[in-house]
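Reading through the structure tokens given below for one structure.
The values are calculated or read from the model by the stated rules, or taken from the named source; none is laboratory data. These numbers were taken from a predicted model, which means no experiment stands behind them. Note that we place each Cβ from the backbone using ideal geometry, even for glycine, and neighbour counts take in every protein chain shown. When the accessible area is computed, the model is the full protein with side chains, heavy atoms only, and any ligands, DNA or RNA have been set aside. Shrake-Rupley method; radii C 1.70, N 1.55, O 1.52, S 1.80 Å.
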Amino acid sequence: MTLDVVALTQAMVRIPSLSGKEGEMAALMAATMREAGFSSVTTDGNGSVLGLIGPADADVALLFDGHMDVVPVAGDWRFDPFGAEIRDGRLYGRGSTDMKGGIAAAICGVAEAARDGLKRRVAVSASVLEEVIEGHALASVLDVCSPQAVVICEPSKLQIKAGQKGRVELLLTFHGKPAHAATPHIGVNPLHAAARALSALESLPLPSDEVLGKALLVPTDIVSHPYPSISMIPISTTIRFDRRTVSGERLEDVLAQIRAHLASHGLSDFTLQVSEDPVATYTGQHATPARWLPGWRCDTEAELLQAASAAVAASGREPKVGSWAFCTNGSESAGRRGIPTIGLGPGNEEDAHTIDESIALEQLEGARDVYRNLVRAVCG
């Protein structure tokens, strides 16, 4: 069966698949993969769909991964967020570029390549919950298929991404002694320590990577307990930080550096930990994964990177190599497991999560062609 990548993307966009509610989308993905000729299509406990195609006795040479979930719709849209309307060569709708178009192109491109015959196996993963926590759902997919290389189909303007920053969500909590706000001298106000910490951490020296750039430490939230604390010095105050990491950084080193820096500024009586907010899948699975997602880089001489460059060139485009500033499921494949990984997908990353999110039709068709060329080169 020959699939139309634009029509498939439209069908996907018309299904509102918020994180934890991807069931209808997963059913469409499973049915589409079967129709496209994938010999094995399974849905795991988390609800991620995995399609395999090629010789059953061969190893999986390539895995194309994309996430089915989307962020909520916000703001005033000119177009129906789930209408998948096409206007002036662009397809509009939530998830069009982030990243249903990438999954659609992967299914279509892999299926086209398979019609010419494959000597090695290829997989396409439509995973869940990536917008909530990157890599958590992909881990169970990788446990099953053990690919030799991974392509993350996040939007990249069809440029090759040879790495990405990682991230860790940190909770820095200062402990105080409650007292009436009318007699603050009796208590110990943790807000003062929190303010000093924010100031001190502005001078924290952060590492830099020649490809990924400089690491970041950004405060994103501050909450006292109890909240609101009316007429009372709070018991504790917690600052949430988003720490963007570069390749090779270890979690224990990140934590140790912050602890030592705060201590050098006279701050004590605090705890520093990685957040473990609960997540739930549409299949009913519950977990509290630590939000530690490592950064990674692909070796410039890696066979996967060279093959991807050739595949882009064969589609009539100039191969360009860069990196992502944001985090993806590649934190699991490359950051944790060391599997050779690149990013390569249709659409502009700047259009993700925006009002009137859209993707160019030529990007969808181009991604299908690039993926087909890559599979032919690696597995044909």
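Can you pull the percent of the range 166-280's accessible area that's carbon plus sulfur, 1.4 Å probe, other chains left in place?
Solvent-exposed carbon and sulfur of the range 166-280 make up 57 percent of the total.
Which of rounded, prolate or oblate describes the range 11-56 when judged by the alpha-carbon gyration tensor and an a/c cut-off of 1.5? Since a/c reaches 1.5 but b/c is at least a/b, the shape of the range 11-56 is classed as oblate. Modelled this way, with points 7 Å down the Cα-to-C-beta line, the labels at Ala182 and Asp4 are 7.5 nm from one another.
Less than 5 angstrom separates the built amide H of Ala179 from those of Ile233, all sequence-distant by 5 or more or on a different chain. Remark: the range 54-61, residue by residue, has Karplus-estimated 3J(HN,Hα) of x, x, 5, 8, 9, 5, 7, 7 Hz, where x stands for each Gly or Pro and the curve is 6.51 cos²θ - 1.76 cosθ + 1.60 at θ = phi - 60°.
When you filter the trypsin sites (Lys or Arg not before Pro) in the range 1-94 for DSSP loop state and at most 11 other Cβ atoms inside 10 Å of their Cβ, you are left with Arg78.
Using a 1.4 angstrom probe on heavy atoms only, work out the carbon and sulfur share of the accessible area of the range 302-343 in %. It would help to have the intermediate numbers written out before the result.
Numbers: 850 of 1720 Å².
Within the range 302-343, the accessible surface is 49 percent carbon and sulfur.
Given a 1.4 Å probe and the protein chains as shown, Val132 ends up with an accessible area of around 50 Å². For the chain, a Gaussian network of Cα nodes joined below 10 Å ranks Met232, Met12, Met99 by mean-square fluctuation, and the top entry is Met232.
Suppose accessible area is computed on protein heavy atoms with a 1.4 Å probe; arrange Thr42, Thr341 from highest to lowest. Walk me through the intermediate numbers first.
Numbers: Thr42 70, Thr341 0 Å².
If we order Thr42, Thr341 from most to least accessible, we get Thr42, Thr341.
Computed about its Cα centre, the charge dipole of the range 236-380 is approximately 380 debye, with only Lys, Arg, Asp and Glu carrying charge at their Cβ.
Note on the chain: with a GNM built from Cα contacts shorter than 10 Å, the maximum mean-square fluctuation among Gly51, Gly187, Gly135 falls on Gly187. Charged side chains reduced to their Cβ positions (Lys and Arg at +1, Asp and Glu at -1) give the range 166-280 a dipole of some 320 debye around its Cα centre.
At q = 0.06 Å⁻¹ the log10 of I(q)/I(0) for the chain amounts to -0.26, computed by Debye summation with a single uniform scatterer per C-alpha, solvent ignored.
Does the range 280-326 come out rounded, prolate or oblate, given a ≥ b ≥ c as the square roots of the eigenvalues of its C-alpha gyration tensor, rounded meaning a/c under 1.5 and, failing that, prolate meaning a/b above b/c? Note, shape of the range 280-326 comes out prolate. Ranking Trp77, Gln306, Ser229 by how far each Cα lies toward the positive end of the dipole of the chain (charges on Cβ) leaves Ser229 at the top.
Taken along its principal axes, the alpha carbon cloud of the range 1-110 reaches lengths of 51, 31, 20 Å, longest axis first. The label point for Glu350 and the one for Leu272, both projected 7 Å from the Cα toward the Cβ, are 3.5 nm apart. A crude spin-label estimate for the pair Asp299 and Leu204, with each label 7 Å from Cα along the Cβ direction, gives 3.2 nm. Looking at the chain, the accessible area is 41 square angstrom per residue; that uses a 1.4 Å probe and ignores ligands, DNA and RNA.
Rounded if a/c is under 1.5, else prolate if a/b is larger than b/c, else oblate: which is the range 199-256, with a ≥ b ≥ c the root eigenvalues of its Cα gyration tensor? All intermediate terms of the calculation are to be shown ahead of the outcome.
Values: a/c = 3.30, a/b = 2.99, b/c = 1.10.
It is prolate, given that a/c is not under 1.5 and a/b is the larger ratio.
Contour minus end-to-end for Asp59 and Phe326, with contour as 0.36 nm per residue of separation and end-to-end as the Cα-Cα distance?
93.1 nm
Using a 1.4 angstrom probe and counting only protein chains, how large is the accessible area of Asp4 in Å², to 10? Its accessible surface works out to 90 Å², give or take rounding. Think of the range 166-280 as a dipole: +1 on every Lys or Arg Cβ, -1 on every Asp or Glu Cβ, centred on the Cα centre; then among Val218, Phe174, Leu201, Phe174 lies furthest on the positive end. The mean sequence distance of close C-alpha pairs (under 8 Å, at least 6 residues apart), as a share of the length of the range 166-280, puts its relative contact order at 41 percent.
At the residue level, Glu318 shows approximately 130 square angstrom of accessible surface with a 1.4 angstrom probe and all protein chains present. Ranking Ala56, Leu344, Ser247 by Cα position along the charge dipole of the chain, where only Lys, Arg, Asp and Glu carry charges on their C-beta atoms, puts Ser247 farthest toward the positive end. Which whole-number percent of Cα pairs in the range 228-372 have a distance greater than 23 Å? Pairs farther apart than 23 Å: 58 percent.
Only helices enter this figure: runs of n ≥ 4 DSSP H residues, each worth -39500 (n - 2.57), summed and divided by the residues of the chain, yield -8500 deg cm²/dmol at 222 nm to the nearest 500. Across the range 18-116, C-alpha contacts under 8 Å between residues 6 or more apart give a mean separation that, scaled by the residue count, equals a relative contact order of 25 percent.
Given in Å, the Rg to one decimal and the Dmax to the nearest whole number for the Cα atoms of the range 166-280 are 15.8, 54.
Taking Gly75, Gly23, Gly89 as the candidate residues, the one with maximal mean-square fluctuation in a Gaussian network model of the chain, Cα springs under 10 Å, is Gly75. Centre-to-centre, using Cα atoms only, the range 353-374 and the range 270-303 are separated by 27 Å.
Length available on full extension from Ala74 to Ala377: 0.36 nm per residue minus the Cα-Cα distance, which gives 104.9 nm. Summing Cβ point charges (Lys, Arg +1; Asp, Glu -1) relative to the Cα centre of the chain gives a dipole of roughly 420 debye.
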